[in-house]
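Here is the structure we will look at, set down as structure tokens.
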Amino acid sequence: MQVNQHTTIHVKVRPACALIILLIGTLLLVVGLIVSIAIDTTAIKLHTIWEAIFHYKSGILQYQIVRNLRLPRALASALVGACFAIAGAIMQGMTRNPLASPGLLGVNAGAAFALAICLAFYPSLSFQYLIIFSFVGATFSSGLVYGIGSIAKGGLTPVRLALAGVAVSSLLTAFSSEISIYYHIAQDIAFWHAGGVVGANWSQIKIMLPWVTGGMIGAFILSRSITVMSLGEDIATGLGQRIMLVKLAGSIIVLVLAGTAVSVVGPVGFVGLVIPHIVRILVGVNYRWIIPCSAVCGSLLMVWADIGSRVINYPFETPVGALIAIIGVPFFLYLARKERREL
Amino acid sequence: MNSLSHLEKKKKIRYMVTICIFLCLIFTTFLLSMDAGLIHLSPIDVLKVLVNHGTSQQELILFDFRLPRIVISLLVGSGLAVSGAILQGITRNSLADPGILGINVGAGLVVVLFISFFSSMQVVPVFALPFAALMGAVLTATLIYILTYKKGQGLSPMRMILIGIAVASGIEAALIVLTIHLDPRQLQFVTIWLAGSIWGTNWNFVLTLLPWILILMPLAFSKARVLNILNLYEDVSKGLGMAIEKERLILLGIAVGLAGSCVAVGGNMGFVGLIGPHLARKLVGPKHQFLLPASALSGSLLLIVADTLARLIVQPSEIPTGILVSIIGAPYFLYLLAKSKA
Amino acid sequence: MDCLHTAQLNIAYVDRLIVEDLNLCVPEGKITALVGANGSGKSTILKAIARIMKPKKGSVFLDGQSIYHQPSKEVAKLLSILPQNPTAPEGLTVGELVSYGRFPYQKGFGNLTQEDKKMIHWAVDVTGMLSFYDRPIDQLSGGQRQRAWIAMALAQGTNILCLDEPTTFLDMAHQLEVLKLLKKLNKEEHRTIIMVVHDLNHASKFAHNIVAIKEGRIVSEGDPQTVLTKGVLKKVFGIEADIISDPRTGVPLCLPYELVQEHDPVNIDSRMSYI
């Protein structure tokens, strides 16, 4: 067999690029955090922010605003963005399916369903339990989607994943709709659906933090295995990889990250779809770089989208979910058009 | 030659029997549905009313409430099922239906826009809603078509499904933004509409829907042969001399017209377009000359049963029919998905 | 001589030019085999000849008329194609599939006429599939399935049959089955057959005319004696081969024994371009 002169061997692993992204990304992130704190219905001077963080004196209103409202909001955005992005990266790596993302998996519908049940039957539940509930709901629905998609002969093709996701989401949404209609909580659910960190506070972050940290550490540890998985299951097994174990661990991490993020911010699915793609194009195929870069870029996207949501229709807030969908949907369409594989 | 068409004869008989069974079931449910509700109208009562011997109250209930609603269920069910059968034929994927392709939510979007536009006014011109919904369906379908069409490659069935799902997600996101700006009353209405409920319950709506069904349905049936061939491998269809792009476009138009007009009157009814054709296919096989009529009947049956249940389960209020259809439909769909070959 | 011929055919796939200025003449009433390495463009050429694929430039002429300027249905009455790996919907029987071959002749609601039924019967009979008439295609063996598809192409009643790799995924016995059927059709019915094949020896044994293609161009054309030579094999396939004479028919057979040049081992990193 003659090798075509023009066969390009794409070995795209570019640590230098990754480092640059990490550095610049973190920088932009910090800037974003500051801007996020500074801009809102009332602008706060940078000097004040500095003082509020490092030389906090209770009693001064602006300091309180910074500490108790804006800082948690900004941090929550960053954390949530990172969670979604990492979850998406892991999913795409493991399923070798560029259209995989937590939103498509029905995570959102599951969490919404759990939320509907909560709001209808236990309206006075504290946020702690709400998070757990929505997390359980997310797990349930994505487990269903994943499971059914994988059972079928031929495994998890892009179309099958999408269709299973749609079916499970519709089912759960049907239940949620009925509950919301019957118990007249449509408005509350609508707000959650819009997605946003508007009401984020320290207690939420405190609850989130252990899960998120655990998930992220798990993701970093798993990254090398995911790189191997992304070469194909047969190759991975041939290289001595324990596929089932990696899949299980990966799935758990995805659920922890995505489930937690959804319970705080609502369904902002496209972050998990769009970010890993962009990162892969820039950084290559080694998940040891992809995962941290996705985290940084994901945070970046959420923080700046949150800023955008406050700036665009000043002084009203545009739902963050819609903003990200505006970026995400065209991107998804572009991907679907480009997909040449016989699906 | 006669021995060769032995199987064909068998298939034809099976088809006839299935059609008869469907008709009987529909008729039975029809009678039950008449009877269902706060006020009971037994079959004898129905008969009495029909020959002008019933009370005026019975007449009112029968003619102004139950009958139109049942007729609409039948029409909407058949329209959506045939639309689904066509889409499955075009995309060569037995898991396609107008809901998945986002045509339903597209209609929903325009409806919500319409309603929010009239928020200032107290009276929402309800009669205009069907047209808004139809417009939404057509616009969405056009968008999907434009996005799926690639020069030189035409309309790839798989791509159409993915793009349909993408467009549906986008529209849902837009819907979410819009619904926030509605007041609770409007929101309740929209939620119910989105869940799918036969809310058009008088003869005006029947008249709105009827022409669409009467024109598009026979048109769809006449395209049975084309659908058979489209279902084959693409190069084979081309090799047989079929103008693939043109036929796909025509069929897409028919499917959207049917789906749009049905959704306009029946709300966002998912899964009928999926389950109807599937059931029909299991009973009469994949030949579209049999499949299309059988789908129409199975869709009608499904919807009339769901609608009756919806009215019965939580009396005196009701569950939106669409929710019931989803609850029945989605698990079956997932089962089909799990069982399907790539 | 009335033949199917191409004139300055240029075929591109998206933006990549695969075939450039191809002038090919396919003799009538003979079996022509298109051979070449993977990616040489032979399937693409066949598809263009069967008007499945539109060329960028140039045309294909049949009986003096360009097939691109005739309605597709009319062309379908002159030329039929059996693509690679065709799939049929679940549950479709042989009889139903073959009946689809009458599509170019059907009008209106498309009931089968007497003529249609006659053709269908004949097609099923000549391919030896009568006993399988009511069997679903997915329950047939590879060879039987291929014969069913050939029956459909035959039901189209065309003089020219194009087949894209009809034997590639079949075992030896089924390959022989299909090739012998094609030979019979050619001999008894005088059909012109154009087929893309991978196995050179099959081409030699069953085809009258072989066209060897490399990178979209004709390297050699003619009867098996002319084409199956060491030089051509080296050029087109990059192999060193011994040429022997078939003990039964005397046609040349090739026995490859060495590759012409060293090539790079497949780098595992090349798999990473899944993006």
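Can you check what the net charge comes to around residue C:21, using other residues whose Cβ is under 12 Å from the Cβ of residue C:21 (Lys, Arg +1; Asp, Glu -1)?
Details: positive: C:56, C:57, C:217; negative: C:20.
Here the charged neighbours net out to +2.
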Can you bin every Cα-Cα distance in region C:41-190 into 10 Å intervals starting at zero and give me the percent of pairs per bin, rounded to whole numbers?
11, 39, 37, 13, 1
Quick check on packing: order B:221-227, B:106-112, C:190-196 by the mean number of other C-beta atoms within 10 Å, highest mean leading.
B:106-112, C:190-196, B:221-227
On the principal axes of its Cα set, how long, how wide and how thick is the protein assembly as shown? Give whole Å, largest value first.
104, 88, 45
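If you take the beta carbon distance between residue A:14 and residue A:150 as r and set R0 to 25 Å, what does 1/(1 + (r/R0)^6) give as a FRET efficiency, to the nearest 0.05? If you can, show how the numbers build up before the last one.
Details: r = 33 Å, r/R0 = 1.31.
That pair, residue A:14 with residue A:150, gives E of 0.15.
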Please list B:14-22, C:97-105, A:251-259 highest first by mean number of surrounding beta-carbon atoms within 10 Å per residue.
A:251-259, C:97-105, B:14-22
Could you sort A:227-235, A:206-214, C:87-95 so that the peptide with the highest average Cβ count within 10 Å comes first and the rest follow in order?
C:87-95, A:227-235, A:206-214
What list of ³J(HN,Hα) values in whole Hz, one per residue of region C:122-133 in order, does the Karplus curve 6.51 cos²θ - 1.76 cosθ + 1.60 (θ = phi - 60°) give from phi, with Gly and Pro shown as x?
4, 4, 5, 5, 5, 8, x, 10, 4, 6, 9, 3
Counting other chain Cβ atoms within 10 Å of each Cβ in C:75-82 and taking the mean gives 3
Along its three principal axes, how long is chain C when you only count alpha carbons? Whole Å, largest extent first please.
60, 48, 42
Provide the gained length on full extension for the span residue C:13 to residue C:107, in nm with one decimal, where the gain is 0.36 nm per separating residue minus the Cα-Cα distance.
30.4 nm
If the chain between residue A:125 and residue A:242 were fully extended at 0.36 nm per residue, the gain over the current Cα-Cα distance would be 38.0 nm
Can you tell me the Rg and the Dmax, both Å, for the Cα atoms in region B:1-102?
19.7, 61
Residues in region C:189-221 that a label on residue C:246 would reach, taking backbone N under 19 Å of a point 7 Å out along Cα→Cβ
C:189-212, C:221
Can you give me the long-range amide H partners of residue C:219? Hydrogens built in the peptide plane at 1.01 Å from N, cutoff under 5 Å, separation of 5 or more residues or another chain.
C:212, C:213, C:214
Quick check on region B:2-341: take the gyration tensor over C-alpha atoms, sort the square-rooted eigenvalues as a ≥ b ≥ c, and tell me if it's rounded (a/c under 1.5), prolate or oblate.
oblate
Phi-based couplings in Hz for region B:95-107 (Karplus 6.51, -1.76, 1.60; Gly and Pro marked x)
10, 9, 7, x, x, 5, 6, x, 5, 5, 5, x, 4
Quote the FRET efficiency, to the nearest 0.05, computed for residue C:131 versus residue B:10 with a Förster distance R0 of 25 Å and r equal to the Cβ-Cβ distance.
0.90
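Work out the mean other chain Cβ neighbour count within 10 Å for the residues of A:323-329 and drop it here as an integer. Don't skip to the end; give the middle numbers.
Working: counts 2, 1, 8, 4, 0, 4, 9.
Other-chain Cβ atoms within 10 Å of each residue's Cβ, averaged: 4.
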Mind giving me the nanometre distance, one decimal, between the label points for residue C:57 and residue C:87, set 7 Å out from Cα along Cα→Cβ?
3.7 nm
Here the FRET efficiency for residue C:255 versus residue B:20, based on Cβ atoms and R0 = 41 Å and rounded to 0.05, is 0.05
At most 13 other Cβ within 10 Å, DSSP loop - GluC sites (Glu not before Pro), region C:159-239:
none
Distance in nm between residue A:334 and residue B:92 label points, each 7 Å along Cα→Cβ, equals 2.9 nm
Please identify which residues in region C:176-197 have an amide N closer than 12 Å to a label point set 7 Å out from the Cα of residue C:141, following the Cα→Cβ vector.
C:176-178
Give the value in nm², to one decimal: projected area of the alpha carbon convex hull of region A:43-123, averaged over all directions.
8.7 nm²
Per region C:1-48, sqrt(5λ) over the Cα gyration tensor eigenvalues, sorted largest first, in Å, gives 21, 13, 7
Evaluate peptide C:94-106: per residue, the Cβ atoms of other protein chains within 10 Å of its Cβ; return the mean as an integer.
3
Computed over the Cα atoms, what is the radius of gyration of chain A divided by 2.2 N^0.38 Å, N being its residue count?
1.02
Per residue of region B:283-300, what does 6.51 cos²θ - 1.76 cosθ + 1.60 with θ = phi - 60° give for ³J(HN,Hα)? Whole Hz please, x for Gly and Pro, Karplus curve as stated.
8, 10, x, x, 6, 5, 4, 8, 5, 4, x, 5, 4, 4, 5, 5, x, 4
With runs of 4+ DSSP H residues as the only contributors, calculate the mean residue ellipticity of the protein assembly as shown at 222 nm using -39,500 (n - 2.57) per run, divided by the residue total and rounded to the nearest 500.
-20000 deg cm²/dmol
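Computed from the coordinates by the stated procedures, all read-outs in this text should not be read as laboratory data. Fair warning: this is a prediction, and the values are worked out from it, not measured in the lab. All Cβ positions, even for glycine, are placed from backbone atoms using ideal geometry, and neighbour counts span all protein chains on display.
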